Amino acid sequence: MKKNNNELIEKAKQAALEVLLHNNHGPFRGLPRTAGWGYPEPYTRDLMISSLGILTTKNEKLIKSLRRVLETLAKNQSSYGHISSLVHDSEDRGSSDCTPLFLVGLGLWRKFMNEPDFLKDAAKKALIWMEYRSPTNRIMVTQLPTSDWRDEQWVLGYGLYVNTLVYIFLRLFGLNEQSEMLKEQMGRFTVKGDRQNRHVHEGLVLRSKPYYALWSYKVFRSERFDLLGNSLAVLSGIASHTRADHLISWIEAECKAMRQSEELAVDLPPNFFPYVRPEDPDWMPRYQKYNQPGEYHNGGIWPFICGFYIAALVAAGKIPLARKKLAALAELVRQSRVAEVEFGFNEWHRAQDGTAQGQDWQSWSAAMFLYAAACVEQKKAIFFEDIN
């Protein structure tokens, strides 16, 4: 079984590199396309997340293209420092995660290529933009609903995922005093009760739960679980070793229970749970059409996020579990929805049956598989060891 898993993983790695090379040149100014089918545009967040896998390949064509992506983003940056959601379109703005993702991608590039001053002016402007995203001047940043990667899900106020990105770029840029302040702020409890003392600042730690809140703002919060944000918290070192251990044990136990109740069909965690259902107070009318329980952002299985989870397992020292999940991910990414290919590297899968439901040959699905595989092989959280 172990030999078969290794062969499958190696085949998946070769296929993932093929996907990235295929998507490396798209119809928009020759910039990379986001997916082989369905997404010809160069989406900023997808390509910045893909940079983790691209850099681990050390492929000259991909790295040269990534440089051009970063330079184009800097060229299309707003006068205030905001990074556009589409690499080639300076008018496509409004995201909460593209600017921090640009800073993460740029920070990784500088370290990997030993170019500490690359895009210095763009970095300075982006850092200033992010300072103004903190309404109380506390470093923690806020966002509006549907402004991060979840365009069909409400995350309001201090979102976990975006603030983990802030912590990561602060560390990459050597802003360690600010990063420690942010970690301390995120480590405070969310506000409990219906009144907030003006001297009490909310955080993202939940009482009696091992994971961080999806979001919080004043007396409001969501206690649903965000796999991407919590994986980044473990990977970056925001979560202590003890918290990381408890968090991973909780995830695996919850997923086992979901498989027993037929809410989950594969040995990989959904991006979000418990699922929001029509009878829940946080259900939105649009979810009926776009975000059903166990689907899309409401609990779909996203291969790129599973890649982050596997890397987080490695960071927590759980190598055997990481290997097991990598094999499960290699099996999952074989599926395609429309393309007749050996490995589909689809965008997302329905949790209840594991079927591919998004676009095939998605760049970040392929890139994060390569990154996760490299972390397992090298038994270290590549790039993040220096951050920790």
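Rule-based calculations on the coordinates, nothing more; no lab input. Quantities reported herein were computed from a predicted structural model and do not represent experimental measurements. Positions of Cβ are backbone-derived with ideal geometry, glycine not excepted, and every protein chain shown enters the neighbour counts.
Could you tell me how far the Cα centroid of the stretch 49-73 sits from the Cα centroid of the stretch 113-178, in Å?
21
Which pairs in the list LYS3/LYS318; LYS120/LYS324; LYS120/LYS318; LYS256/LYS380 are over 31 Å apart, alpha-carbon to alpha-carbon? Before the final figure, lay out the partial values.
Working: LYS3/LYS318 20 Å; LYS120/LYS324 41 Å; LYS120/LYS318 38 Å; LYS256/LYS380 26 Å.
Pairs exceeding 31 Å: LYS120/LYS324; LYS120/LYS318.
Can you tell me which of 375-383, 108-116 comes out highest on packing, and rank the rest after it, using the mean Cβ neighbours within 10 Å?
My ranking of the peptides, most packed first, is 375-383, 108-116.
Please list, by residue number, every one of the trypsin sites (Lys or Arg not before Pro) in the stretch 272-350 that is coil in DSSP and has at most 15 other beta-carbon atoms within 10 Å.
Answer in residue order: ARG286.
So, counting K/R as plus one and D/E as minus one, what does the shell of residues with Cβ under 13 Å around VAL162 add up to?
Details: positive: ARG45, ARG133, ARG150; negative: ASP97, ASP148, ASP226.
Spelling it out: positives minus negatives among the neighbours equals 0.
Ordered by packing density, taken as the mean number of other Cβ atoms within 10 Å over each peptide's residues, highest first, how do 296-306, 93-103 rank?
Ranked by mean Cβ neighbours within 10 Å, highest first: 296-306, 93-103.
Relative contact order of the stretch 137-269: what whole-number percent is it, with Cα pairs under 8 angstrom and at least 6 residues apart?
Numbers: 180 pairs, mean separation 25.8, N = 133.
Relative contact order of the stretch 137-269: 19 percent.
Which translational diffusion coefficient, to the nearest whole µm²/s, is obtained for the stretch 265-375 from the Stokes-Einstein equation, given a Kirkwood hydrodynamic radius over C-alpha pairs, 37 °C and 0.692 mPa s?
230
Tell me, what is the percent relative contact order of the stretch 2-387, built from C-alpha pairs under 8 Å that lie six or more residues apart?
Across the stretch 2-387, relative contact order equals 18 percent.
Let me test this: with uniform point scatterers at the alpha carbons of the stretch 248-292, what is the Debye-based log₁₀ I(q)/I(0) at q = 0.19, 0.31, 0.32, 0.33 1/Å?
-0.67, -1.07, -1.10, -1.14
With semi-axes √(5λ) of the Cα gyration tensor in Å defined as stated, name the option among (i) 28, 26, 20; (ii) 35, 26, 21; (iii) 84, 23, 14 computed from the structure displayed.
(i)
Relative contact order (percent) for the stretch 62-134, with alpha-carbon contacts under 8 angstrom and 6 or more residues of separation?
Relative contact order here is 29 percent.
Taking the convex hull of the Cα atoms, report for the stretch 149-195 its projected area averaged over all directions, in nm².
It is 4.4 nm².
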